[in-house]
Amino acid sequence: MKTPIYFDHAATTPLDERVFEKMRPFFTNVFGNPNSQHAFGRDAVKAVDEARDTIAKIINAKPNEVYFTAGGTESDNWALRGIASAYKDKGNHIIISPIEHAAMITTAKALEKQGFKIDFMKVDEYGVIDLEHLKSIVTDKTILIGCMLANNEVGTIEPIKEIAKIARSVGALCFTDAVQVCGVLRTDVKELGVDLMSMSSHKIYGPKGVGALYVRNGVKIDSILTGGHQERMKRGGTTNVPGVVGFAEAFRIAEEEREKNFVYVSSLRDRFIERVLKEVPFVKLNGHRTNRLPANADFSFKFIEGESILFSLDLAGIAVSSGSACSSGSLEPSHVLLALGLPEGLAHGSIRFSFGKHNTIEEVDYAVDVIKTAVERLRAMSPLFKAEGEIKYV
């Protein structure tokens, strides 16, 4: 089997060649600042406007509801901080899920120190939001309910339409982090009923360092990045024209190929999950078995550390992740898996596999064979396995 093999598409994706070709002129010939008043600037702003129109059309929004950012983390920060600031006179209560990306969790904790009351919705063992619990904690002081459309670690898809209805019932706004979903599933903001939605380019074969925030017309949001009049006075900083152009092209291609890619990548995921569950003992599939992202398979391997498996696979030329790429350097167990009720030991033994449109069945089968060998070898050295696992093998 030819290596390396990349199974970490939830962390980032390779830039599509078609996207790169679309971006190329904006690094060289069409290099103007879109805020300049001369012909060079007009050419640049035309490209930005076309990109905004493309993205707005895909998500069923108006172009003036799409604001470009530096990526999902900035979009998440802006949604929370901007709404908290703009609506603080209405209330100080914000609700988010306990399995959000670190950009949400950390920002919410920072707002808590500023006097905002932060509550967390409960999730079940699969990571699905408990809607009845959410109904019990909303109040007339709730200004925002934030929940990702699908979890970046375990892949579980959340009932955002129902969450948005609960938010509206108390006059609150609903925000969803759709970074893992845009270009993968249908993301119609009207259908979802959300007021704000964050997006990112590099998860859909686009360039890194660019994203967007959808803000429904009529929603007040304060700026968090000041210093210029860009993005209709809402977000200071010179627009990343090549990035914006690439993001729009990547999103356009992803939407055009969405159904085909969904079927193909789901088939890889299902084969991988079925083989691992059947052929590797003492494993747990994390997240919902069927209501999950097509690319995602997150497993906990009992009796061994996830990093040990990650390094073993890396030596075999297979790239995977131990949880979220943004927090995989941490020695702490995944906050997502702990929220799902996994004990710390099992949470430490988790690995996220995320497949892409260029992967093959042969790569999947090779990876399972490598996993079987690596797990057997690592467990042979594990005192936990010797104390408990071997007995259960008999």
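The values are calculated or read from the model by the stated rules, or taken from the named source; none is laboratory data. What you are looking at is a predicted structure, and each value in this text was computed from that prediction instead of being measured. Don't worry about glycine lacking a Cβ; one is built from the backbone with ideal geometry, like all the others, and counts go over all protein chains shown. Note: areas computed on protein heavy atoms with side chains; ligands, DNA, RNA excluded. Shrake-Rupley method; radii C 1.70, N 1.55, O 1.52, S 1.80 Å.
Quick notes on this one:
- Answer residue from segment 112-138, given it is small (G, A, S) and over 25 Å from the mean Cα position of the chain (by Cα) and is least open to solvent (accessible area, probe 1.4 Å) among those: G115
- Residues that are farther than 12 Å from P242 by Cβ and either touching a residue at least 24 places away in the same chain (Cβ under 8 Å) or in a helix (DSSP H, G or I) (or both) within segment 33-45 comprise N33, N35, A39, F40, G41, R42, D43, V45, listed in sequence order.
- Top-ranked residue in segment 17-36 [being of a type outside the set (K, R) and open to solvent by 100 Å² or more (accessible area, probe 1.4 Å); ranked as farthest from G236 (Cα to Cα)]: E17
- Here T373 clears all of (1) among the polar types (S, T, N, Q); (2) farther than 30 Å from D130 by Cβ; (3) open to solvent by less than 20 Å² (accessible area, probe 1.4 Å) except the condition numbered (3).
- Look at (1) touching a residue at least 12 places away in the same chain (Cβ under 8 Å); (2) more than 16 Å from the chain's Cα centre (by Cα) and you find that G227 fails only one, number (1).
- Only one of the numbered conditions (1) modelled with pLDDT of 95 or more; (2) open to solvent by 60 Å² or more (accessible area, probe 1.4 Å) is not met by E249, and that is (2).
- Test set (1) crowded, with 20+ Cβ neighbours inside 10 Å; (2) assigned to a loop (DSSP other than H, G, I, E, B); (3) within 17 Å of the chain's Cα centre (by Cα) - P98 fails condition number: (1)
- The set of residues from segment 139-154 being closer than 12 Å to S97 by Cβ and in a strand (DSSP E or B) comprises I145, G146, A150.
- Per-region count, segment 37-61, residues farther than 22 Å from D177 by Cα, in contact with a Ser or Thr (Cβ under 9 Å, 6 or more places away or on another chain) and buried (at least 19 other Cβ atoms within 10 Å of the Cβ): 2
- Among the residues of segment 203-222, the ones that are over 18 Å from R52 (Cβ atoms) and either of a type in the set (A, V, I, L, M, F, W, C) or open to solvent by less than 70 Å² (accessible area, probe 1.4 Å) (or both) come to 3 in all.
- Count of residues meeting criterion [over 24 Å from G183 (Cβ atoms) and either open to solvent by 40 Å² or more (accessible area, probe 1.4 Å) or in contact with a helix residue (DSSP H, G or I) (Cβ under 6 Å, 6 or more places away or on another chain) (or both)] in segment 139-154: 5
- Filtering segment 7-31 to residues that are closer than 21 Å to F355 by Cα, touching an Asp or Glu at 6+ places or on another chain (Cβ under 9 Å) and not in a loop (DSSP other than H, G, I, E, B) leaves R18, V19.
- When restricted to residues that are on the phi > 0 side of the Ramachandran plot and assigned to a helix (DSSP H, G or I), segment 46-71 contains 0.
- When segment 155-197 is filtered for residues that are in a strand (DSSP E or B) and in contact with a Cys (Cβ under 9 Å, 6 or more places away or on another chain), the ones remaining, listed by number, are C174, F175, T176, D177, L196, M197.
- Residue in segment 198-221 that is nearest to G91 (Cα to Cα), counting only those that are polar (S, T, N, Q) and outside any strand (DSSP E or B): N217
- Residue within segment 72-83 that is touching a helix residue (DSSP H, G or I) at 6+ places or on another chain (Cβ under 7 Å), buried (at least 17 other Cβ atoms within 10 Å of the Cβ) and not in a helix (DSSP H, G or I) present: no
- Checking each residue in segment 223-246 for being open to solvent by 40 Å² or more (accessible area, probe 1.4 Å) and assigned to a helix (DSSP H, G or I) picks out R232, M233.
- Of the residues making up segment 271-327, those that are more than 17 Å from Y6 (Cα to Cα), open to solvent by 10 Å² or more (accessible area, probe 1.4 Å), at pLDDT 95 or above and of a type in the set (K, R) are R275, K278, K284.
- For segment 256-270, a residue qualifies if it is open to solvent by less than 100 Å² (accessible area, probe 1.4 Å), closer than 22 Å to T187 by Cβ and of a type in the set (D, E, K, R), and the qualifying residues are E257, R258, R269.
- When segment 343-364 is limited to residues that are more than 21 Å from the chain's Cα centre (by Cα) and at pLDDT 95 or above, the one that is least open to solvent (accessible area, probe 1.4 Å) turns out to be V364.
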